[in-house]
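Here the structure comes first, spelled out in structure tokens, and everything after it is commentary.
Please treat every number below as a calculation from the coordinates, not as lab data. Just so it is clear, the model here is predicted, and its values are computed rather than measured. So basically every Cβ, Gly included, is an ideal-geometry build from the backbone, and we count neighbours across all protein chains shown.
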Amino acid sequence: MNVAGRYAKSIFELAVEKKSLAPVAEDMQTIASTIAENADLKSMLNNPLISKSTKVEVLNKIFSSTSELTQNLMRVMSSKNREGILHDVATTFLSLKNKSEGITEVSVITAKEIKAADLSGIEAYVKSNTNAKKVLITNSVDESLIGGFKVSFDGKLYDSTVSTHLNNLKKELKLA
């Protein structure tokens, strides 16, 4: 487990113990989306030239409405110069929470927009192949795939893209 995973697991276990899972999860969602949507904030947190006190001040202002547990986590991370992995901690925490609730996270990458019926089919497939009570699908478009799709969940990747098939064909032709 990486450093972000250890922090996420610790705050997750503490939140469960303190019966504060819902508010901390809400905090983590806010942290993850705020950092993901703000390139300047992400850059600032990862910049070693910016002082620890400045980073702490910025985090305190942006996330002032978060729970005491979340505030403590950010203080501990700041004391260890780990502000740069805060986004990873938040997303890992959310994954741990989802897993504990029987929610399977699925990433679907397609060459063009996918129809709701196709997403429903993927959801049904995932449910039939896992013990998932619920499936949370994130869909993104990558036109470089040319066609087909990539589906990943539970550490598995199913790649049925035209670009991958073409690359495999190229390799086979070079070997022949």
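Quick one: how many residues across segment 145-174 are in a loop (DSSP other than H, G, I, E, B) and of a type in the set (Asp, Glu)? Let's see the steps before the verdict.
Step one: of segment 145-174, the residues in a loop (DSSP other than H, G, I, E, B) are 146-147, 154-155.
Of the ones still in play, those that are also of a type in the set (Asp, Glu) are 154.
Looking only at that region, the number is 1.
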Looking at this structure, is Leu175 more than 26 Å from Ala25 (Cα to Cα) and not β-branched (Val, Ile, Thr)? yes
Quick one: count up the residues across segment 7-47 that are farther than 19 Å from Asn98 by Cβ, of a type in the set (D, E, K, R) and in contact with a Phe, Trp or Tyr (Cβ under 9 Å, 6 or more places away or on another chain). 0
Of everything in segment 61-96, what is of a type in the set (Lys, Arg) and either farther than 21 Å from Glu37 by Cβ or crowded, with 17+ Cβ neighbours inside 10 Å (or both)? Give them in sequence order. Arg75, Lys80, Arg82
Looking at this structure, is Ser51 among the small types (Gly, Ala, Ser) and without any contact (Cβ under 8 Å) to a residue 40 or more places away in the chain? yes
